[in-house]
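Data first, discussion second: the structure below is written as structure tokens.
The values are calculated or read from the model by the stated rules, or taken from the named source; none is laboratory data. Model, not experiment: these values are computed from the prediction. Cβ sites come from the backbone with ideal geometry, for glycine too, and all protein chains shown count toward neighbours. SASA here: full protein model, heavy atoms, side chains in, ligands and nucleic acids out. Shrake-Rupley method; radii C 1.70, N 1.55, O 1.52, S 1.80 Å.
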Amino acid sequence: MLRFLTAGESHGKGLTVIVEGVPAGLPLDEAYIRAQLARRQRGYGRGGRMQIEQDYAEILSGVRQGLTLGTPIAMLVRNKDWENWQEVMSITPTEEPPKAVTRLRPGHADLAGAMKYGQSDVRNILERASARETAARVAAGAVARRFLGEFGMAFHSHVTCIGGVWARPQGAIDWARVEESPVHCADPEAERQMMEAIDAAKEAGDTVGGVVQVMVENVPIGLGSHVQWDRRLDGLIAQALMSINAVKAVSIGDGWESANWRGSQTHDVIEPVTDPSRPWQRKTNRAGGTEGGMSDGMSLVVSFAVKPISTLSKPLPSVDLATGETVQAHYERSDVCQVPAAGVIGEAMAALVLARCFLEKFGGDHLEETRRNFTAYMKTVGPRGRGQHV
Ligand code: EPS
């Protein structure tokens with residue numbers, strides 16, 4: 001079973017992550033993980049922090065001579081900004097106690113966290129609630145992605161909306177263009193308008209959210225299961241994406257749109273196979289790659305909505321935690337738009353869920369054992385009349 005845990009505060013020494021359950025024999029290096037971390041840092045509308053950091057995950061364990069050992073993989077992403085926060089974030093008490101953050105930000109974890117954990121300094125909540133933690137998830141996700149890449153799976157994301165501007169990409173998505181795009185968007189016209197929306201929000205001291213679509217190609221049929229609620233792939237994917245900071249909605253395939261359609265317009269017709277490289281063929285992929293809680297052999301297509309960041313340079317009215325009086329919410333610095341970065345985090349979370357389901361299906365303590373199991377299974381997949389019996 002693949003699992004991972006992260007630790008670390010936004011302005012502490014760094015973020016750590018342990019990924020357990022990766023089979024032995026997987027080629028893995030820091031450069032591969034670094035490339036994913038760099039993608040997370042990019043995007044028009046990010047704030048000052050990303051100028052300070054150059055995220056790098058140092059592998060501390062679980063890899064030897066370029067190959068995983070099957071042991072827990074521990075990684076450390078140092079916070080460069082720690083240098084500026086050593087007093088405030090000191091592990092041992094300082095002579096002068098740091099000034100408490102008390103001006104609650106509507107929309108952040110400040111209020112509920114302070115109540116739940118009995119804190120009078122909101123910093124004790126916001127440091128961990130910060131989306132800085134997602135750097136550790138992307139490092140873990142890079143390991144999962146590297147593993148699934150061995151089986152042909154490819155992960156992408158593109159931004160379909162920022163600040164009410166919707167992309168209308170024509171035809172197949174040009175992923176190289178998306179990577180080059182400052183807002184990770186496939187539609188050049190929408191890209192321009194999205195950047196204008198970010199500029200306008202910045203000018204107004206405000207923030208903008210949007211929608212990202214994650215796509216995973218070559219997902220084998222049969223990951224997840226229909227037999228129990230907590231084994232359904234769609235449910236696992238939704239939970240993982242919803243757990244990303246600021247995500248407020250998840251839609252698989254044409255999930256939201258299908259509420260308006262009839263069944264005959266919604267479901268993906270099963271066709272006789274004309275492409276011999278595929279065991280099954282569907283006319284459309286409105287289901288977004290899952291049916292009955294299992295992958296159906298089509299690409300996984302999931303969209304999720306990211307709300308605008310709650311730290312505003314022109315803060316909303318709020319209440320001071322210490323005095324109960326009306327104040328302006330706390331502001332140090334923030335991003336105006338984090339939607340492109342959310343896509344990279346979404347890819348990482350999808351990879352972690354899919355790797356877990358993949359290992360549940362195929363097992364294997366060494367990559368070659370997993371590969372044998374996978375290859376044997378794939379030979380059984382297809383119309384029974386083709387002689388591919390289980
Ligand atoms: C982030 C680091 C944070 C924020 C952002 C995400 O750094 P800092 O708080 O030092 O500016 O830029 O987090 C938020 C916007 C938030 O509200 O928590 C990162 O590494 O992604």
Fill in: Loop-resident sites, region 296-372, for trypsin sites (Lys or Arg not before Pro), counting at most 13 other Cβ within 10 Å (DSSP)
Arg333
Worksheet item: Once the other residues with Cβ under 13 Å from the Cβ of Met195 are scored (Lys, Arg +1; Asp, Glu -1), what is the net sum?
Response: -3
Response to the item:
Of Gly141, Gly363, Gly289, the most mobile residue in a GNM of the chain (C-alpha springs, cutoff 10 Å) is Gly363
Practice prompt. Please work out how much accessible surface Lys314 shows to a 1.4 Å probe, ignoring ligands, DNA and RNA, in Å² rounded to 10.
Written response: 140
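If packing is taken as the average number of other Cβ atoms within 10 Å across a peptide's residues, how do 82-91, 295-304 rank, most packed first?
In decreasing order of mean packing, 82-91, 295-304 become 295-304, 82-91.
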Item to complete: May I ask for the Rg/Rh ratio of the chain, computed from Cα atoms with Rh as the Kirkwood radius, given to two decimals?
Response: 1.00
Discussion item. If each DSSP helix of 4+ residues adds -39,500 (n - 2.57) and the sum is divided by the residues in the chain, what number results at 222 nm, nearest 500 deg cm²/dmol?
Written reply: -9000 deg cm²/dmol
Item to complete: Please compute the net charge surrounding Gly324, taking Lys and Arg as +1 and Asp and Glu as -1 over other residues with Cβ under 15 Å from its Cβ.
Response: -2
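Rounded to the nearest 20 debye, what is the charge dipole size of the chain about its Cα centre when +1 sits on each Lys and Arg Cβ and -1 on each Asp and Glu Cβ?
My answer is approximately 900 debye.
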Worksheet item: If you stretched the chain out fully between Ala376 and Ala172, how much longer would it get, using 0.36 nm times the residue separation minus the C-alpha to C-alpha distance?
Response: 70.3 nm
Discussion item. Of Ala246, Pro220, Asn84, which is farthest towards the positive pole of the chain's charge dipole, taken about the Cα centre with +1 and -1 on the beta-carbons of Lys, Arg and Asp, Glu respectively?
Written reply: Pro220
Worksheet item: Carbon and sulfur: what percent of the chain's accessible surface (1.4 Å probe)?
Response: 53
Worksheet item: What are the ³J(HN,Hα) values, in whole Hz, obtained from phi via the Karplus relation 6.51 cos²θ - 1.76 cosθ + 1.60 with θ = phi - 60°, for each residue of region 14-26 in sequence order, with x given for Gly and Pro?
Response: x, 10, 10, 8, 10, 10, 10, x, 6, x, 6, x, 8
Discussion item. Excluding same-chain pairs closer than 8 in sequence, count the lysine pairs in the chain whose Cα atoms lie under 20 Å apart.
Written reply: 6
Worksheet entry | 1.4 Å probe accessible area per residue over region 3-380, in Å² | 48
Discussion item. For the chain, set up a GNM with springs between Cα atoms under 10 Å and report which of Arg40, Arg231, Arg262 has the largest fluctuation.
Written reply: Arg262
Worksheet item: Where Rh is the Kirkwood radius over the Cα pairs of region 215-355, the temperature 20 °C and the viscosity 1.002 mPa s, what D in µm²/s does Stokes-Einstein return?
Response: 122
Worksheet item: What is the projected area of the convex hull of the Cα atoms of region 1-148, averaged over all directions, in nm²?
Response: 10.6
Item to complete: Name the residue, out of Leu26, Leu60, Leu148, whose mean-square fluctuation peaks in a Gaussian network model built on the chain with Cα pairs under 10 Å.
Response: Leu60
